[in-house]
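A.B. asks: Got a structure here, written out as structure tokens. Questions coming.
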Amino acid sequence: MKSRRWSFLLFLYMPIFLGASLMAQEEVSFAMNLSKEKLGINERLRVEFTMNKDGDNFNPPAFDGFKVVMGPSQSISSSWVNGKRSFSKTYSYVLVPTARGRFNIKQATIEIDGETYKTLPKTVEVTAAVDKPNDQKTVDDVADESLHLVAEVSDGSPFLNEAVTVVYKLYVGHSIRVTNYRSLDNPTYNNFWSQEIDVSKPKPKNATYNGKPYLSVVLKKVVLYPQKSGKLDIEPLALEIYVDVPTNRRDFFGGRIYTQTTKTVSAGRRTLNVKSLPEAGKPANFGGAVGDFDFSVSTSKQELNASESLQARVEVSGKGNLKLFQLPEPELPSALEVYEPEFDEKVRTISTGMEGKVANNYTIVPSYRGKYPIPSISFSYFNPKTEKYVTLNSEEINIEVLEGPLGTDNNLLSSSPNRQLVVPTGKQFHFIKLSPNLSKIGANYFFGSNRFYLMLLGPLLLIPIAVFSFKKREAIASDVVGNKIKQANRLARKYLSTAKKELGNKEAFYVALEKGLHNYLKAKLKIETSEFSKEKITSILTEKSVDPTYIDGFIGLLGNCEMARYSPFSDVQMQNDYEKASEVISKMDKQL
């Protein structure tokens, strides 16, 4: 009975024992499969390494001639069919060819049950680009096709010192979503005067790029004024952009599932062909102004007395490189004492360039009575629209000094008013009494009183005080070095007063600081607009025998003003730069 029972059990479980035995004896396979063996250089290659048994220490080949754009991705499948177990594990890579030719994909290795297995090498031929690549698009493919950063230049062939606007636009496909971005590389705009325009919160707009619909966003605007002629490069702007790309999978509620990836986009290098200003017809007094301007000279009054003061204003207004040229100076008679002008600037930079006005305000004090004409002043500029030079002339202004001392013929440009003779009237000779009728003034008379002696001796007591005060003033006047230092300090405060008011506001402070440094150079060195480069400034200051330490400090401050547009600066750094600017201007002014 027992033998029959064991026979029955053996017969019942025999298929299971045989299946396990066959599975144990099944051969291990490890193979490499290619999506294609011939492809265009603009296509992608999918490489899969498949095994029928799980293993360890997978080692892929080097993929010479290709770049890995995705992978390794791993997939595992396991199933039982009719009592038979099926297992498969795959490592997948997506490759992009880097050159044309025939490339050998070498062996991959893996360890299974303590033994090492290798795939067979395969050869792939990469041909020229094909018109319609039929690869399956990956997440990176979709992001690449849907993101484009473009630098739009308003004028590719501007004149020297003509405004050029660069607008950086990001074109985004409708299928993806941009979540964030950051700058990787900002252009330095060498050989340009640059001003970045504030861009409000980006607002996507429907646009077309290469004939396809996109959403466009303006990320950055910059106004450039080329400072030299020839071919000038605009360095590219590079951004790292975080995007959500849709997949073919859907969530429980049927919504599309997105996957996040990061892409680096660049606007590419742009080259401007900057034209020199024409020599034909260039006025002798041309100072580098390029644009469309109005010119005026005015005075606060035309009649005054000697030792009074009036204000003369030389003003240029309009659109153009208002911050980059020198205003003409009036020629005044020597009898008019003229103080160094105060520079007044009301300029704003918009997307088309600078607009506003700049002016020099002169304080004039006449010394003598007479009439003094302020001759007509001419101002020349180049209009890039008409490609012609324009010269504007102010009207002659006559200043009349009504009261004051008479000057010499060299000082007065017109004769003094005719003197009138005084004609006496009435009696001119009177009888003089010889015996006056004098009488006592009483007991409280002035002579001999305390007040009399106080007023008599008081002036004598003031003599030592006057002597001491005179010597003190003489000592101050003889201190030449100290007076120069005080004068230089006043000069520094004059040019840096606006910057001091903006301490704590990074953008406004460094714009005002840079403006103050440039105004100081304009006033002291009389350099032309086209020479406003760090190398030229260094050369001129060296010729003026300025200490190299001060030159380096001055150039370093200009560098900080440029860096502050793109880098964070603390309040401590701003205070240090302000104090350094004051010190550098003071010490340079002594040497100049």
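A.B. asks: Is it the case that region 135-153 has a residue that's in contact (Cβ under 8 Å) with a residue 60 or more places away in the chain and within 30 Å of TYR389 (Cβ to Cβ)?
C.D. replies: Checked against the condition, which is being in contact (Cβ under 8 Å) with a residue 60 or more places away in the chain and within 30 Å of TYR389 (Cβ to Cβ), region 135-153 yields at least one hit.
A.B. asks: For region 305-337, how many residues meet the condition of being at pLDDT below 90 and outside any loop (DSSP other than H, G, I, E, B)?
C.D. replies: Number satisfying all stated conditions: 2.
For (1) touching a residue at least 24 places away in the same chain (Cβ under 8 Å); (2) of a type outside the set (Ser, Thr, Tyr); (3) within 28 Å of LYS536 (Cα to Cα), each residue gets a yes or a no:
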residue: GLN195; (1), (2), (3): yes, yes, yes
residue: LYS228; (1), (2), (3): yes, yes, yes
residue: PRO246; (1), (2), (3): yes, yes, no
residue: ARG249; (1), (2), (3): no, yes, no
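A.B. asks: Mind listing just one residue for me: the one in region 367-390 that is part of a strand (DSSP E or B) and in contact with a Phe, Trp or Tyr (Cβ under 7 Å, 6 or more places away or on another chain) and, of those, nearest to VAL297 (Cα to Cα)? Let's see the steps before the verdict.
C.D. replies: Within region 367-390, the subset part of a strand (DSSP E or B) is 369-374, 378-383, 388-390.
From what's left, in contact with a Phe, Trp or Tyr (Cβ under 7 Å, 6 or more places away or on another chain): 379-382, 389-390.
Details: PHE379: 11, SER380: 14, TYR381: 16, PHE382: 20, TYR389: 20, VAL390: 17 Å.
If we take residues in region 367-390 being part of a strand (DSSP E or B) and in contact with a Phe, Trp or Tyr (Cβ under 7 Å, 6 or more places away or on another chain), then PHE379 is nearest to VAL297 (Cα to Cα).
A.B. asks: For LYS263, state whether it is surrounded by 11 or more Cβ atoms within 10 Å (Cβ to Cβ) and part of a loop (DSSP other than H, G, I, E, B). If you could, list the steps in order and put the result at the bottom.
C.D. replies: Details: surrounded by 11 or more Cβ atoms within 10 Å (Cβ to Cβ): yes; part of a loop (DSSP other than H, G, I, E, B): no.
In short, no.
A.B. asks: Still on this model: Assuming ALA581 fulfils every condition listed in (1) aliphatic (A, V, I, L, M); (2) within 15 Å of ASN519 (Cβ to Cβ); (3) modelled with pLDDT under 80 apart from one, which condition is it?
C.D. replies: With (1) aliphatic (A, V, I, L, M); (2) within 15 Å of ASN519 (Cβ to Cβ); (3) modelled with pLDDT under 80 applied to ALA581, the lone miss is (3).
A.B. asks: Restricting region 196-228 to residues that are small (Gly, Ala, Ser) and not in a strand (DSSP E or B), which is nearest to the chain's Cα centre (by Cα)?
C.D. replies: Initial filter on region 196-228 (small (Gly, Ala, Ser)): 200, 207, 211, 216.
Then keep just the ones that are not in a strand (DSSP E or B); that gives 200, 211.
Values: SER200: 17, GLY211: 34 Å.
Out of the qualifying residues, it is SER200.
A.B. asks: Go over the candidates ALA128, ALA143, ALA99, ALA151 one by one and state the one that is under 30 Å from GLN260 (Cα atoms) and surrounded by fewer than 17 Cβ atoms within 10 Å (Cβ to Cβ).
C.D. replies: Working: ALA128 fails: under 30 Å from GLN260 (Cα atoms); ALA143 fails: surrounded by fewer than 17 Cβ atoms within 10 Å (Cβ to Cβ); ALA151 fails: surrounded by fewer than 17 Cβ atoms within 10 Å (Cβ to Cβ).
The conditions single out ALA99.
A.B. asks: Can you say whether TYR381 is more than 30 Å from LEU160 (Cα to Cα) and outside the structural domain of VAL167 (by TED's automatic domain parsing), as far as the supplied structure shows?
C.D. replies: Values: more than 30 Å from LEU160 (Cα to Cα): no; outside the structural domain of VAL167 (by TED's automatic domain parsing): yes.
No.
A.B. asks: Which strands (runs of 3 or more DSSP E) does region 94-194 wholly contain that include 1 or more residues that are outside the structural domain of SER73 (by TED's automatic domain parsing) and within 30 Å of PHE66 (Cα to Cα)? Steps first, please.
C.D. replies: Details: elements: 101-105, 109-112, 115-118, 122-127, 147-153, 164-172, 177-185.
Where strands (runs of 3 or more DSSP E) fall fully within region 94-194 and carry at least 1 residues being outside the structural domain of SER73 (by TED's automatic domain parsing) and within 30 Å of PHE66 (Cα to Cα), they are 147-153, 164-172, 177-185.
A.B. asks: May I ask you to list the residues in region 197-217 that are under 24 Å from VAL511 (Cα atoms) and in contact with a strand residue (DSSP E or B) (Cβ under 7 Å, 6 or more places away or on another chain)?
C.D. replies: Of all residues in region 197-217, those under 24 Å from VAL511 (Cα atoms) come to 197-201.
ILE197, VAL199, listed by residue number.
The values are calculated or read from the model by the stated rules, or taken from the named source; none is laboratory data. None of these values were measured; they are calculated from a predicted model. All Cβ positions, even for glycine, are placed from backbone atoms using ideal geometry, and neighbour counts span all protein chains on display.
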